[in-house]
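J.: Below you'll find the structure I mean.
Every read-out reported here was derived from the displayed coordinates using simple, explicitly stated rules and does not represent laboratory data. Remember, predicted model here, so these are calculated numbers, not experimental data. Cβ coordinates were reconstructed from backbone atoms using ideal geometry, including for glycine residues, and neighbour counts include every protein chain displayed.
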Amino acid sequence: MTELAIETSGLVKTFGKTRAVDGVDLAVPAGTVYGVLGPNGAGKTTAVKMLATLLRPDGGEARVFGHDVVHEADAVRARVSLTGQYASVDEDLTGLENLVLVGRLLGYRKARARERAGQLLDAFGLSDAADRQVKNYSGGMRRRIDIAASILTTPDVLFLDEPTTGLDPRSRNQVWDIVRIIVAQGTTVMLTTQYLDEADQLASRIAVIDRGKVIAEGTPGELKASVGAGSVHVRLRDAAQREDALRVLTAVLGSSVQLDADPVALTAQLSGEDTDREAAEQASRALAELAAAGITVDNFALGQPTLDEVFLALTDHPATTEEVAA
Ligand SMILES: Nc1ncnc2c1ncn2[C@@H]1O[C@H](COP(=O)(O)OP(=O)(O)OP(=O)(O)O)[C@@H](O)[C@H]1O
Ligand SMILES: [Mg+2]
């Protein structure tokens, strides 16, 4: 049997009338990335805070490497590290100063703290910015320095709470690479996200949560299989060609094609019964027909249902954000 890094049963946290976490059972194998996927207000941060001993559960149990998060909180704290949803480094210090400070707080001697800080700045592509105040960092740089600060010593479990929300694609990729390095070094990572593609890229298993409850759990493949063939996403060079593209796609795919809010983008749902292979064939025919019609396509992607599509398939309602629910 594989060792479990995290195990919860019936975990509950309420805030007044809100059941933020409402009976969650999780089993996270050691040495893997575990994705917790859900929309705003689903309960991701609340769950992570209980596991990191920052919030006391109102019901159920949670263990980290066998240690109870309430009764053995110190043992849990010694093994976990949390990178919060909002950057927690000191804005007025430089990147280097921040990391050295954390190193000193963790008990490193000055030389060792500087050495370790240098290694991490290097590994995270921040060497050039080492002597700049963090308040002058970009969002992506801040996220990276924040993750660096939480892995100065190698934790057994690292909680990454929405590490890429609001980042541009390049910064996202850099954070993904960092996560891969961290897990390759033996740390178990629990990563919360609102993006199925992020969970798909990084996680070996995913729990989908909605209003405090786990509504699906499995490998990314299992999850996508339960959601159906997914969809074709097309971005055009020229918005003026979108009506033509709509006609072509509707003819080829015979399915519902939607115009996205983005004026150069369209999305076509593939029918749920299609196998992966049929879906790929349909998609390549669609791409060929678009080219034949003289339509310039900048981006063409198959599959990867969005969080909304996952929620529609699993719950018959879109991913309800807190604001909508309220
Ligand atoms: N300290 C608190 N006091 C009162 N309500 C809270 C508190 N923390 C969270 N909540 C509520 O609990 C629910 C879950 O919130 P949580 O922050 O865990 O969601 P989340 O999945 O992390 O969302 P997001 O993606 O927006 O970060 C929400 O309805 C939220 O308003
Ligand atoms: Mg959150």
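J.: Out of the residues in the range 128-155 that are under 26 Å from the mean Cα position of the chain (by Cα) and of a type in the set (S, T, N, Q), state the one that is farthest from Glu91 (Cα to Cα).
T.: Among them, the one singled out is Thr154.
J.: Can you tell me which residue in the range 140-170 is nearest to ligand 1 (Cβ to nearest atom), limited to those that are aliphatic (A, V, I, L, M) and assigned to a strand (DSSP E or B)? Outline the logic, then answer.
T.: Here is the first cut: in the range 140-170, the ones aliphatic (A, V, I, L, M) are 141, 145, 147-149, 151-152, 157-158, 160, 167.
Narrowing the set further to residues that are assigned to a strand (DSSP E or B) leaves 157-158, 160.
Details: Val157: 18, Leu158: 17, Leu160: 12 Å.
Of everything passing the filter in the range 140-170, Leu160 is nearest to ligand 1 (Cβ to nearest atom).
J.: Still on this structure: Please determine whether any residue of the range 89-111 is assigned to a helix (DSSP H, G or I), under 26 Å from Met141 (Cα atoms) and within 16 Å of ligand 2 (Cβ to nearest atom). Step through it out loud before you land on a result.
T.: Start the filter on the range 89-111 by keeping residues that are assigned to a helix (DSSP H, G or I), which leaves 95-105, 110-111.
Next, only the ones that are under 26 Å from Met141 (Cα atoms) stay: 95-105, 110-111.
Still in the running and within 16 Å of ligand 2 (Cβ to nearest atom): none.
No, the range 89-111 has no match at all.
J.: Out of the range 228-257, which residues are part of a strand (DSSP E or B) and in contact with a helix residue (DSSP H, G or I) (Cβ under 9 Å, 6 or more places away or on another chain)? Lay out the reasoning, then the answer.
T.: Going through the range 228-257, the residues part of a strand (DSSP E or B) turn out to be 231-236, 257.
Of everything in the range 228-257, those that are part of a strand (DSSP E or B) and in contact with a helix residue (DSSP H, G or I) (Cβ under 9 Å, 6 or more places away or on another chain) turn out to be Ser231, Val232, Val234, Leu236, Val257.
J.: When you go through (1) among the hydrophobic types (A, V, I, L, M, F, W, C); (2) free of Cβ contacts under 8 Å to residues at least 40 places away in the same chain; (3) touching a Gly at 6+ places or on another chain (Cβ under 6 Å) one by one for Leu152, which number turns out not to apply?
T.: (2)
J.: Ok, one more. Of everything in the range 175-215 that's part of a strand (DSSP E or B), away from ligand 2 (no atom under 16 Å from the Cβ) and under 21 Å from Thr153 (Cβ atoms), which residue is nearest to the chain's Cα centre (by Cα)?
T.: Only one residue fits best here, namely Val189.
J.: Tell me which residues, restricted to the range 21-43, are more than 15 Å from Ala216 (Cα to Cα) and near ligand 2 (Cβ under 10 Å from one of its atoms).
T.: Within the range 21-43, Asn40, Gly41 meet the criteria.
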